[in-house]
Amino acid sequence: MNRLTLTQRILLASLIVQAALFAALAAASLESARRDIATETRLAVDTARALVLATVGTMQGAVPPDRIMRLLPERLVVPRHVTLGIVDAADGVLRRPPAPVPAPVPAPRWFASLVAPGPLETRLPVAIEGRPRGYVFIGADPGTEIALAWRDLRAFLGLAGLAALVQAGLILWATRGALRPVGVIASRLADLRRGDLSARVGPVPQRDLAPVAAGVDDLAQALAQAQADRARLQRRVVTRGDEERKAIARDLHDEMGPCLFGLRVEADALREAAPTPAIEAHATSIARIAEEIARVNRALLGDLRPMAIGQLPLAAVLGDYAADLGRRFPDLGIDLDLAPGLPEPDEATALTLFRILQEGTTNALRHAGASRVSIRLWTDPAHWRMELRDNGRGMAQGTREGTGLTGMRERITLLGGDLRLSSGAGGTTIAASLPLQQPEEGSP
């Protein structure tokens, strides 16, 4: 029972009620037919008895007494539901009157056995002028009445069955129409489960389901608002991180740069004024150490935040990086395809796109041994799209992503984007997407 749908349950309950009503009607009709047939048969026997007596009385005086029994079968009109047999005492021959109108199609045996009355027979002696002339046998014959009852009952129960089917069809139609919004609600819930938070049920004509539909729409609105709030918070996390790195990079540049410059100047002065070769050698070592610290500082500044981001257009920054990479690795072919008319992204998106390019080319050089890298950047109505392809050896099956790709994927996810990586014998492809229009940030 629990496996049936609500429509099937309602229809099953309706059919059970209809079947019970049909059985009750059939039982009542059988009982009524049984009583009517018994009454009709009894009246037919009584009528036949009176008819025989009246016919015999009419024939007396008009027909010789010894011929009355012989002519009686011709004069008698047999009533319905009885059989007559005339036995003449003179010859002992059983004679029957002409058969009445042919009976209708007989009823099935099982029906006749249910409604047939008990046997009813009468033997009526005939005496004329004080002498017995024979007798008339009167027997009940309910076959015609049973056949008529069967015909009427079949028509009645057929109409009742047709009405039950029509009622079941109307119930099915009404139930499906009433539950149609349930399918719409289930479909909208499936849309929400797939992430389509714009799905709405809208108004429904059924009052009972209107609160459910309104609740689903309220839930969708709440989920959309929660997703927007989460996107703002995630973007704020990325922006705050970028601001911290920017502040650290500024401090490194502003504080470490002058100190290192001063250290190199002092080392050069010490080397020029050195009274001994040993002191000169120490001054040279100090200058080399200061230069190494400056190199590490520049690398840290580049990792924390490229200085050109936010100062130059994104296309110029990416073009300069690709050109610099080509100068440092002349054997590496770089194809940079920037769609014309690109909008200028916000600083977080620009930095992310630059980092994708930086991470992809670094992996192609260090790990894939690629000789060619192609980069495409374009936009669709809702996203920034960047794709990097190399012709390297690809990642081995089961190889885990490095920390650089993992960190990049996390950053892109926080910004509401997506990063897909596919690798094989023909090389590696990195496909990234970022929202083109970010929601406005609220106040901290």
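The values are calculated or read from the model by the stated rules, or taken from the named source; none is laboratory data. Note that the coordinates shown come from a computational prediction; the quantities given were computed from them, not determined experimentally. We place every Cβ from the backbone using ideal geometry, glycine too, and count neighbours over all the protein chains shown. Keep in mind that these areas ignore ligands, DNA and RNA; they rest on the heavy atoms of the full protein, side chains included. Shrake-Rupley method; radii C 1.70, N 1.55, O 1.52, S 1.80 Å.
For this structure, a couple of remarks:
- Taking a sphere under 14 Å around the Cβ of Asp320 and counting the other residues whose Cβ falls inside, with K and R at +1 and D and E at -1, yields a net charge of +1.
- In Å², nearest 10: area of Ser187 left accessible to a 1.4 Å probe: 50 Å²
- Here is how the number arises for the chain: DSSP H runs of 4 or more residues each give -39500 (n - 2.57), the sum is divided by the residue count, and the result at 222 nm is -20500 deg cm²/dmol.
- With every protein chain in place, the chain: carbon and sulfur % of accessible area (1.4 Å): 59 percent
- Dipole moment magnitude, nearest 20 debye, the chain about Cα centre, only Lys, Arg, Asp, Glu C-beta charged: 2700 debye
- Mean Kyte hydropathy of 0.5 or more with a Cα span along the axis of at least 18 Å, helices from DSSP in the chain: 6-59, 143-193
- Solvent-accessible heavy-atom area per residue, rounded to whole Å², over the chain at 1.4 Å: 60 Å²
- Alpha carbon Rg of the chain, scaled by the compact-globule rule 2.2 N^0.38 Å: 2.44
- Phi to ³J(HN,Hα) by Karplus 6.51 cos²θ - 1.76 cosθ + 1.60 over the stretch 420-428, Hz, x for Gly, Pro: 10, 10, 10, 9, x, 5, x, x, 10
- These residues, Trp378, Trp110, Trp150, Trp173, go from largest to smallest accessible area, 1.4 Å probe, as Trp173, Trp110, Trp378, Trp150.
- For the chain, modelled as a GNM whose springs connect Cα atoms under 10 angstrom apart, the maximal fluctuation among Asp46, Asp91, Asp251 occurs at Asp91.
- Within the chain, longest stretch free of exposed GluC sites (Glu not before Pro) [DSSP loop, at most 10 other beta carbons within 10 Å]: 130-439
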